[in-house]
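Let me begin by presenting the structure, written as structure tokens, before commenting on it.
Read the figures in this text as sums done on the coordinates, not as results from a lab. The shown structure was predicted, so the numbers you read here are calculated from the model rather than taken from an experiment. Note: ideal-geometry Cβ built from the backbone for every residue, glycine included; neighbour counts use all protein chains shown.
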């Protein structure tokens, strides 16, 4: 049983280990090369496990993600809740930070504050809430075997959210010389974008189960690394104020995406009682 679920288990364990390395890198000056090495080993292990996954050419979306409905609902609801919580928190945090900047005398003197700076966060928050809905709605459709054109379109919300999140992370840090403070966040956004892209391919393009299993595992590892390391750096002594409230809530949405992807990985690795083949 453990061997069957080795890919999702490996992703969670390695993600937790890398989160500790990320925290040490942020607060204790641990070499960034050690964190990079841990992430490289994690990705290589996931790639090796993904290569062992058995592919069935005639299977469709429901076949690959068939399994216990209770597991699907658990991961989907938890992922949706984290998505929605992170989205709402991101919006509130962005508004509060913009109000603080607006009242800052230095910002007023320099004229560097723009109310338009909060617009990307509003869009990100709305997409996070839409992604939360899509997680639950897709789980319901998967459990019933009723993936149609309307429900298939829901897979696009998490993908668009991941793309916008990656753009915001890059925009906010493209001039930051301290790579250790945003490298995991940037890699997390890239991995989640690719994972949801290949998730959409199950319904909109050529099915690539092994690549999705690898990229979903990479998204889980990097989301746990970024969110876990960031949370530890804020909660434990010596690392306060290293993350803004907006960034912390944004990472909660990333954690929700990871939980949802983890649920899909578990579904892919679960034993199947019934399969549905393409109608000839």
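Short-range pairs are left out: with C-alpha atoms under 8 Å and at least six residues apart, the relative contact order of the stretch 6-269 is 37 percent.
Debye sum, Cα scatterers, the stretch 171-245, no solvent: what log₁₀ I/I(0) at q = 0.19 1/Å? Once normalised to I(0) and log-transformed, intensities are -0.81.
For residue 174 and residue 156 in one chain, what is 0.36 nm times their gap in residues minus the Cα-Cα distance, to one decimal in nm? Could you put the intermediate results ahead of the total?
Working: separation 18, 0.36 × 18 = 6.48 nm, distance 2.67 nm.
Answer, rounded to one decimal: 3.8 nm.
Can you pull the semi-axes for the stretch 121-280, root of five times each eigenvalue of the Cα gyration tensor, sorted largest first, whole Å? Please list the in-between numbers first.
Values: eigenvalues 198, 49, 39 Å².
Semi-axes, largest first: 31, 16, 14 Å.
Once the convex hull of the C-alpha atoms of the stretch 1-78 is built, how many Å³ does it hold per residue, rounded to a whole number? Walk me through the numbers on the way to the answer.
Working: hull volume 9.7 nm³, N = 78.
Expressed per residue, the convex hull around the Cα atoms of the stretch 1-78 is 124 Å³.
Once the gyration tensor of the Cα atoms in the stretch 6-269 is diagonalised, the equivalent ellipsoid follows with semi-axes of 32, 22, 14 Å, ordered largest first. For the peptides 256-265, 4-13, 81-90, 176-185, the ranking by packing is 256-265, 81-90, 4-13, 176-185, with the highest mean count of neighbouring Cβ atoms within 10 Å listed first.
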